[in-house]
Amino acid sequence: MIAFDLICSNGHKFESWFKNSDSFEEKRSFGIIHCPVCNDNHVEKAFSTFAIKKYSDKKEEKKEGKIDPHQAYQALQVITEYVNKNFEDVGLDFAKEALKIHLGEAEKRNIKGVALPDEEKILKEEGVPFLKVPVLKHLDN
Ligand SMILES: [Zn+2]
């Protein structure tokens, strides 16, 4: 059995149980699902936040759990450290340099820096691969 949140053409939401998804479609096409409020038989599935979430298997379900803010912060620290060690800081020239590297006018290397929204748009349009990393403020200072 499966429960669907349904909505009638008058906007009444209600829940109904079906054997499976096909059984819902069949009953709906025969017009035998009625809104308990106004008896309307033009019903659609009401997509709630749960309905949109797709789980292909149990494993994925676990992964999609809430992200622990502490873990996220630690992950960000690792990324920031890695970037600081391995990427050349070009500061405000980021977009310019990234474009040059992309066009083969500058040596291929890892760079980091800041980009304005306009510059970011240009990079995207040019197909320059880049990664946006949030700037980590040191909370312990
Ligand atoms: Zn209704």
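What the table shows:
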quantity	calculated
Candidate set from segment 1-40 (those that are assigned to a strand (DSSP E or B) and of a type outside the set (A, V, I, L, M, F, W, C)); member that is nearest to the ligand (Cβ to nearest atom)	LYS13
Qualifying residue in segment 42-65 (condition: in a loop (DSSP other than H, G, I, E, B) and at pLDDT 80 or above)	yes
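The values are calculated or read from the model by the stated rules, or taken from the named source; none is laboratory data. As the structure is a computational prediction, the values presented were derived from the model and not from experiment. Neighbour counts are summed over all protein chains in view; Cβ atoms, including those assigned to glycine, are modelled from backbone coordinates with ideal geometry.
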